[in-house]
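The values are calculated or read from the model by the stated rules, or taken from the named source; none is laboratory data. Note that the structure is predicted; figures quoted are calculated from it, not measured. Quick reminder, even Gly has a Cβ in these numbers, built from the backbone with ideal geometry, and neighbours come from all protein chains shown.
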Amino acid sequence: MLFGQNSQVQRNLLSKVKFASYDCLLSAVHVNNNHWNLLFVHAAEKKVYLIDPFKNAPEMEASEKAADKFKEYLNMRRQHQHSDWANINWEGGVLKHPCQQDGNSCGVVVAMMAKEIIHYFPEIPEFSFSTTRAHMIKGRRLLAFDLLQGSVFQNDSWCVMCASKKTPISACKVEWIQCDTCDRWYHADCIGLSTKDVKKAAGEVEWKCLVCK
């Protein structure tokens, strides 16, 4: 929608989606195959925000360009009898937000901003989280836990890593290990544990998976 060629965008017009049934649009945007931004379209405010976790990024310019591309996209949909949102005069906007302090936490910052936007919508949030290294490590773990909690599989009989009862590695005996913190089960092979490692873990007071460590 924002960076694709017209021929690519034409193939992704979401013809079955009625935008008028929604109050906002929220999406992670992959930029240059190495960075994440957050696209936030607020229908009531008639605003398009392209939020960049990098410090001092030209966000107003980027948001205005995103608004123009979004209008082009909606006009393409109009040609296919989908006129919802096409008559709105979309404008770019800027939100005050935390910035990443390293070169690899853009995805975490984007996910945390999206979470707060959803929580406070339709109000515009005042982002309150920190982006220090320690907070980003904690943020990754919390996001991973949220994803695992929302996963649709049987916790007591499926491996968290491969989402299957059977190990993808051919073996006569399938060894399992359970995290004492989150109670989820893993195939030993899926997390690189040998039979010796499993026996050692069984003798420990507590074994934690990578997510809970």
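Determine whether Val108 is closer than 27 Å to Gly192 by Cβ, modelled with pLDDT of 95 or more and either in a loop (DSSP other than H, G, I, E, B) or aliphatic (A, V, I, L, M) (or both).
Values: closer than 27 Å to Gly192 by Cβ: yes; modelled with pLDDT of 95 or more: yes; either in a loop (DSSP other than H, G, I, E, B) or aliphatic (A, V, I, L, M) (or both): yes.
Criteria met by Val108.
Among the candidates Trp90, Trp36, which residue alone is over 23 Å from Met136 (Cβ atoms), surrounded by 15 or more Cβ atoms within 10 Å (Cβ to Cβ) and either among the aromatic types (Phe, Trp, Tyr) or in contact with a Lys or Arg (Cβ under 6 Å, 6 or more places away or on another chain) (or both)?
On the way: Trp36 fails: over 23 Å from Met136 (Cβ atoms).
Only one candidate qualifies: Trp90.
One residue is enough: does region 45-56 have a residue meeting the conditions of a type in the set (A, V, I, L, M), in contact with a strand residue (DSSP E or B) (Cβ under 8 Å, 6 or more places away or on another chain) and more than 21 Å from Asn12 (Cβ to Cβ)? Quick ask: steps written out before the conclusion?
Keep residues of region 45-56 that are of a type in the set (A, V, I, L, M), which gives 48, 50-51.
From what is left, the residues that are in contact with a strand residue (DSSP E or B) (Cβ under 8 Å, 6 or more places away or on another chain) are 48, 50-51.
Okay, now just the ones that are also more than 21 Å from Asn12 (Cβ to Cβ), so 51.
The answer is yes, given that some residue of region 45-56 is of a type in the set (A, V, I, L, M), in contact with a strand residue (DSSP E or B) (Cβ under 8 Å, 6 or more places away or on another chain) and more than 21 Å from Asn12 (Cβ to Cβ).
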